[in-house]
Structure formats: structure tokens, C-alpha cells
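Peer 1: There's a structure below that I have some questions on.
The values are calculated or read from the model by the stated rules, or taken from the named source; none is laboratory data. Computed from a predicted structure; not experimentally measured. Here the Cβ positions follow ideal geometry from the backbone for every residue, glycine too, while neighbour counts run over all protein chains shown.
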Amino acid sequence: MFKLLVVLITLSFTVQAESVTKLRSAVSPQYIDGLQHQFINYISEKSKLDIEISFIPFARRLEHLKQGKLDFMVGLSLREDREPFIHFIEPSYYNNPNVLFVRNDSQLNLQNVSQLKSYKIGSIIRSKLFAEYDNSSQKITVTTITQLIKMLSIGRIDGFIFNQYGGLSKVESMGYAKQIMVHPIDLPGDAREFIGISKKSSLYRDQQLLDEFKRIQKDYLRLRKSYYQQKH
């Protein structure tokens with residue numbers, strides 16, 4: 001009887017491990033074939049898993065991850081309010097600081113971040129950044145970075161906050177590199193980027209695959225360098 005029980009338990013774990021052959025992830029519709037998209041494809045190639053990639057705005061991606069409709073996301077900041085439903089693979093795979101984008105003719109004379117409350121500063125909806133900004137009545141949130149860039153270009157906002165490298169890439173690709181620049185002010189906050197796993201996903205229960213993801217993410221810097229070399 002004991003041997004039969006051991007066999008059944010072993011078979012159960014084998015079936016569970018073998019069942020993780022297809023995963024779901026998503027990136028912004030603004031970055032089709034962008035770096036995050038290529039990173040997920042790289043994970044798929046190296047892990048030999050079929051990964052279905054959808055194109056969904058950030059707030060909805062987070063909600064889908066919470067509900068288990070997505071198995072994982074890349075490019076996530078580690079936040080305490082996300083930890084109940086997201087397992088963050090540590091260490092982070094990259095540091096990508098948030099910066100303030102302004103027009104080249106901007107007159108913003110900022111000495112500290114508390115002064116941001118005097119200006120209309122945009123960001124992506126549900127991107128919790130830092131208290132001085134998050135509590136500002138002037139804060140403007142939208143769905144995509146494309147909206148932020150267009151709003152800044154016509155003066156509807158005074159600036160917007162976004163991660164430095166993704167923001168610069170999008171500004172350049174949209175043809176606004178001569179009109180929009182990074183303000184020199186340093187913004188507070190955690191700049192690390194993580195792979196986040198939904199705690200409702202079968203991936204979260206597969207330690208072997210989690211370890212594999214951790215190994216694969218070590219290649220990110222090389223992948224990123226290759227990506228930007230091809231763009232220029």
C-alpha cells in the first residue's frame with residue numbers, strides 16, 4: 001500500500017511538471033517587437049516553452065496577472081502591494097531608473113521633487129512612483145507612453161515620468177528626439193526590473209522552471225545590447 005502511494009504521488013508530480021508546456025505573457029501595445037517582447041521570446045526559446053504573447057496596456061496586464069489570466073510579466077517593479085499575487089524572481093535582471101521627460105524649451109526650474117506638485121506631470125495609470133508625485137493633485141495618468149509624448153509635445157502637460165531607456169527609445173522612434181529631453185532632476189524610487197510570476201499560475205509551483213527563468217534572465221544585458229545595436 002505504501003509503495004502504491006509513493007508511485008501515485010510521483011506520478012502526480014510528474015504530470016504537474018509536464019503540464020507546464022505553454023505560458024501566457026503580455027507587453028504594451030506600444031512596444032510590439034520591442035525589447036520586452038524580444039526578451040519573452042528569448043525566454044521561450046531557451047526554456048523550450050510555448051509562450052503566447054498578448055498586447056495589453058499596463059494596468060490591465062497587472063489585473064490579468066492577479067487573476068491568473070497571465071502567467072508572468074517582465075519589466076516589473078517590486079512593490080509591497082503586488083507581493084500577495086506576484087512572485088518576483090530575484091535578483092532583478094536590470095536597473096532602469098524613472099526620469100522626468102520635458103520639452104527642450106521647458107522652463108521648469110526644479111530643485112527637488114516636492115516642486116513637481118506645482119506642475120502637470122503625466123505618468124502611466126497604476127504606476128505608483130513616489131509620495132511627492134503620487135499624492136499630487138496635478139498628477140495626470142493615461143494608458144500609454146504614446147499619449148504622454150503627444151500631450152507633452154503640444155503643451156497639455158509640463159512633463160511626464162517614465163523609465164529612462166524605454167522612454168528615450170519611444171521618443172526617438174516617434175520623431176520627437178529634438179523636441180523632448182530628460183530633465184536633470186533625480187527622481188526617487190526603486191529602479192530595478194523583475195520577472196513577475198502570477199501566484200495563480202502553474203509556473204509558480206514549478207521550482208525547476210523558476211530556476212530556469214532565473215538562469216535565463218542573466219542573458220538580458222547581452223540581449224539588450226544586441227537589440228539596440230540592431231536599431232542604430
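Peer 1: Residues being assigned to a loop (DSSP other than H, G, I, E, B) and without any contact (Cβ under 8 Å) to a residue 60 or more places away in the chain: count how many of those fall in the stretch 113-139.
Peer 2: So the count comes out to 9.
Peer 1: Which residue is nearest to the chain's Cα centre (by Cα), if the candidates are limited to the stretch 73-93 and must be part of a strand (DSSP E or B) and either within 14 Å of Asp211 (Cα to Cα) or outside the structural domain of Ser198 (by TED's automatic domain parsing) (or both)?
Peer 2: That would be Phe88.
Peer 1: Quick one: in the stretch 139-184, of everything that is of a type in the set (Gly, Ala, Ser) and surrounded by 17 or more Cβ atoms within 10 Å (Cβ to Cβ), which residue is nearest to the chain's Cα centre (by Cα)?
Peer 2: Only one residue tops the list, namely Gly166.
Peer 1: Still on this model: Using the structure shown, decide if Tyr228 is touching a strand residue (DSSP E or B) at 6+ places or on another chain (Cβ under 6 Å), of a type in the set (Phe, Trp, Tyr), closer than 25 Å to Ser127 by Cβ and part of a helix (DSSP H, G or I).
Peer 2: no
Peer 1: Give the residues of the stretch 38-65 that are within 22 Å of Arg82 (Cβ to Cβ), part of a helix (DSSP H, G or I) and of a type outside the set (D, E, K, R), sorted by residue number.
Peer 2: Within the stretch 38-65, Phe39, Ile40, Ile43, Phe58, Ala59, Leu62, His64, Leu65 qualify.
Peer 1: Does Val6 satisfy the condition of being surrounded by 15 or more Cβ atoms within 10 Å (Cβ to Cβ), modelled with pLDDT under 85 and over 21 Å from the mean Cα position of the chain (by Cα)?
Peer 2: Here the answer is no, as Val6 does not meet what is asked.
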